[in-house]
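A quick write-up on the structure given underneath.
Coordinate-derived values only; no laboratory data. Please read these numbers as outputs of a predicted model, since none were measured by experiment. Cβ: placed from backbone, ideal geometry, glycine included. Neighbour counts: every protein chain shown.
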Amino acid sequence: MTPPNAASEVSAEGLTIALAQLEIEAGHVDANVDRALEAVERAAARGVDLVALPELFNVGYFAFDCYARDAEPITGETETRLQKAAADHDIAVLAGTIVEDLAATDAVETPAEEGLANTAVLFDADGTRQLVYRKHHLFGYESAESELLVPGERLETATIGGLTVGVTTCYDLRFPELYRRLVDAGAELILVPSAWPYPRIEHWQTLSRARAIENQCYVATINGAGEFEEATLLGRSTVYDPWGVTLASSGDEPALVTATVDPKTVADVRTAFPALRDRRL
């Protein structure tokens, strides 16, 4: 079935989102957080309702030696500054992700009493924490992530601007059952902070589009930009609509990618092509 043009259009009453594809310097937390705060301010100035940040935007995914040094609780300085920015600029912020010190976190339940986690926090426009997501699937292929971090267990949704929002992280894109669980929980928009490197461009684009198509929801992938000793991030932050159509995307340089998403579009697509209704598993 060819999707009707109207299904990939968005109404003026939808939620405007921005994907902050930031330049990330390994281990330079202060500079990286400053860039994130600047991106929040720029997004708010454009009238954006929600801005999302990349995976480990403050320390850098490939800065494995810095994880323990720069770990924080979810009420630490990085998240506190972004929480304040959300309230100051009246914009929801996905502060995703940081290296979380689980032993120092007492604000929410943790998957272990100690250790580190790859953690995203979603704040609404009042600065109220709406959900916490810790990356479930830890990358083991030529990566120290699975050795250094504790996998997450929480899978929550939150309502932002009339849309039910869920969060996953990077490598999670390869595990479709996680996205099905979010859709069963009502998710209409799934944000995916990432640190996806070259050369796997086709995987990045195909998996993201597939998650949107099969779950008939918006999928917004927020990647970083920049070079590390081990890898170069490929950027290409993208918003896919429930048909898998690209609404907005970037190259591999720092960018602020904006698009409007609408719960009515999700409902219309699911009515026009009711694949979710036909599930047997």
Subject >> Helix axis angle, 77-89 relative to the chain longest principal axis, alpha carbon, degrees >> reply: 40 degrees
**OP:** Give me Asp101, Asp184 ranked fewest to most by other Cβ atoms within 10 Å of their Cβ, as a rough exposure proxy.
**Re:** Asp184, Asp101
**OP:** Please list, in chain and number order, the residues 5+ apart from Gln130 or on another chain whose amide H is under 5 Å from its amide H, with Hs placed from the backbone.
**Re:** Leu122, Phe123, Asp124
Original post:
If you compute Cα extents along the principal axes in Å for the structure shown, which of [x] 51, 39, 35; [y] 67, 41, 36; [z] 60, 46, 38 do you land on?
Top reply: [x]
**OP:** Report, by chain and number, residues whose modeled amide H sits under 5 Å from the one on Ala225, excluding near sequence neighbours (fewer than 5 apart, same chain).
**Re:** Leu22, Glu23, Ile24
**OP:** Report ³J(HN,Hα) in whole Hz for each residue of segment 141-158, in order, from the Karplus equation J = 6.51 cos²θ - 1.76 cosθ + 1.60 where θ = phi - 60°; Gly and Pro get x.
**Re:** 6, 6, 9, 8, 4, 5, 7, 9, 10, 9, x, x, 10, 6, 9, 10, 10, 9
Original post:
In whole angstrom, how far apart do the alpha carbon centroids of segment 134-209 and segment 214-241 sit?
Top reply: 11 Å
Original post:
Which ³J(HN,Hα) values, rounded to whole Hz and listed in residue order, are derived for segment 177-186 from phi using the Karplus coefficients 6.51, -1.76 and 1.60 in 6.51 cos²θ - 1.76 cosθ + 1.60 with θ = phi - 60°, glycine and proline given as x?
Top reply: 4, 5, 5, 4, 4, 5, 5, 4, 8, x
Subject >> Qualifying trypsin sites (Lys or Arg not before Pro) in segment 132-225, DSSP loop, other Cβ atoms within 10 Å at most 16 >> reply: Arg154, Arg200
Original post:
In whole Å, what is the distance between the alpha-carbon centres of segment 250-272 and segment 50-103?
Top reply: 24 Å
Subject >> Relative contact order of segment 15-278, defined on C-alpha pairs under 8 angstrom at six or more residues apart (%) >> reply: 20 percent
Original post:
Which residue, chosen from Phe228, Val165, Gly47, occupies the Cα position most advanced towards the positive end of the dipole of the chain, where the dipole is computed from +1 (Lys, Arg) and -1 (Asp, Glu) charges on Cβ about the Cα centre?
Top reply: Val165
**OP:** Return the long-range amide H neighbours of Leu247 (sequence gap of 5 or more, or a different chain), with a cut-off of under 5 Å between placed amide H atoms.
**Re:** Val239, Tyr240, Asp241
Subject >> Semi-axis lengths, Å, segment 93-189, gyration tensor of Cα atoms, sqrt of 5 times eigenvalues >> reply: 22, 18, 11
Subject >> Bridge type composition, the chain - antiparallel percent by DSSP, nearest 5 >> reply: 65 percent
Subject >> Unit charges at the beta carbon, dipole of segment 15-278: most positive-side option, Ala272, Gly186, Cys66 >> reply: Ala272
Original post:
If Lys and Arg each add +1 and Asp and Glu each add -1, what is the summed charge of the other residues whose beta carbon sits under 12 Å from the beta carbon of Pro254?
Top reply: -3
**OP:** Go through segment 122-132 residue by residue and turn each phi into a ³J(HN,Hα) via Karplus (6.51, -1.76, 1.60, θ = phi - 60°); whole Hz please, and just put x for glycine and proline.
**Re:** 9, 9, 7, 5, 8, x, 7, 5, 9, 7, 10
Original post:
Taking the mean number of other Cβ atoms within 10 Å as a proxy for protection, how do you rank 252-261, 271-280 from highest to lowest?
Top reply: 252-261, 271-280
Original post:
What trypsin sites (Lys or Arg not before Pro) does segment 21-55 have in DSSP loop regions with at most 13 other beta carbons within 10 Å?
Top reply: Arg46
Original post:
Counting Lys and Arg as +1 and Asp and Glu as -1, what is the net charge of the other residues whose Cβ lies under 11 Å from the Cβ of Val192?
Top reply: 0
Original post:
Of the beta bridges DSSP finds with both residues in segment 123-267, what % are antiparallel, to the nearest 5?
Top reply: 65 percent
Original post:
Where in segment 127-210 are there chymotrypsin sites (Phe, Trp or Tyr not before Pro) that are in a DSSP coil and have at most 16 other Cβ atoms within 10 angstrom of their Cβ?
Top reply: Tyr141
